[in-house]
1. Could you derive backbone 3J(HN,Hα) for region 43-53 from the dihedral phi with the Karplus parameters 6.51, -1.76 and 1.60 (θ = phi - 60°), listing whole Hz in sequence and x where the residue is Gly or Pro?
2. Quickly rank 18-28, 47-57, 105-115, 63-73 as a protection proxy: mean count of other C-beta atoms within 10 Å, highest first.
3. Take each of the peptides 76-84, 156-164, average the number of other beta-carbon atoms within 10 Å over its residues, and list them starting from the highest.
4. Does anyone have the angle between helix 12-26 and the longest principal axis of the chain? Alpha-carbon axes, 0 to 90°, nearest 10?
5. Sort 93-99, 11-17, 137-143 for me by packing, meaning the mean count of neighbouring Cβ atoms within 10 Å per residue, highest on top.
6. If you project the alpha carbons of region 1-74 onto the principal axes, what extent comes out on each, in Å, largest first?
7. What angle do you read, to the nearest 10 degrees and between 0 and 90, between the alpha-carbon axis of helix 72-85 and the longest principal axis of the chain?
8. Quote the convex hull volume per residue of region 107-164, based on C-alpha atoms, as a whole number of Å³.
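The values are calculated or read from the model by the stated rules, or taken from the named source; none is laboratory data. Note that the structure is a prediction, hence the values are computed from the model and not measured. Cβ: placed from backbone, ideal geometry, glycine included. Neighbour counts: every protein chain shown. For the accessible areas, the whole protein counts, side chains as well, though only heavy atoms, and no ligand, DNA or RNA atoms are used. Shrake-Rupley method; radii C 1.70, N 1.55, O 1.52, S 1.80 Å.
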Amino acid sequence: GSNRLAYVGQALYISGQQMGAEIAKLIPGGGDIAIFIATPGTGNIQPRYDGASAVLKSKGFTIHEVATGATTALEGPAEKAYLLGHKSIKGAFAVDAGSTELVGPSLQSAGLKVPSGGFDTLGNTLSNIQSGLMDFTIYQDPYLQGFLPVLYMYMYNLSGGTLTPPDTDTGLTII
């Protein structure tokens with residue numbers, strides 16, 4: 001059992017499925033793609049990978065799950081090393097903010113121009129999209145993820161625990 005009152009955030013598996021659908025639009029023929037993930041198996045990003053993988057495997061893709069590590073300093077070199085060794089891939093994507101921010105520059109430094117995308121809106125991710133280094137990112141509304149729990153806890157405490165916070169999907173937008 002869980003001791004949580006409510007989940008406020010993106011529906012992680014569904015967001016992965018949405019990513020898979022976006023990738024399939026960018027690469028209609030299927031093929032080999034890399035999906036970078038900082039820490040495989042973790043509850044916040046593995047469901048995104050699993051959702052994307054389910055959609056893409058059903059469309060004939062071969063997905064390579066590539067761990068990049070929990071620190072941004074190692075993510076870029078891990079991506080670049082993978083890309084240099086796998087120049088025939090049809091696309092490179094990521095399911096966490098740090099790996100996403102580095103996908104475009106990693107592709108560029110490996111001399112590859114293939115569709116790419118990921119999650120979150122770190123400053124470099126947005127400028128990479130604007131400059132054409134990346135195709136898309138998935139926004140999960142971190143403002144709501146911070147504001148709503150504070151509001152819910154305030155109401156929960158004010159009501160003496162009778163106003164139980166609802167699970168809330170903060171949604172997703174493809175940028």
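1. In residue order, the calculated couplings are x, 8, 10, 4, x, 5, 4, 4, x, 4, 4 Hz.
2. Ranking the peptides 18-28, 47-57, 105-115, 63-73 by packing returns 47-57, 18-28, 105-115, 63-73.
3. With the highest mean Cβ count within 10 Å placed first, the list reads 76-84, 156-164.
4. So the inclination is approximately 30 degrees.
5. Packing proxy ranking, top to bottom: 93-99, 11-17, 137-143.
6. 45, 29, 18
7. Long axis of 72-85 versus the principal axis of the chain: about 30 degrees.
8. It comes to 89 Å³ per residue, whole-number rounded.
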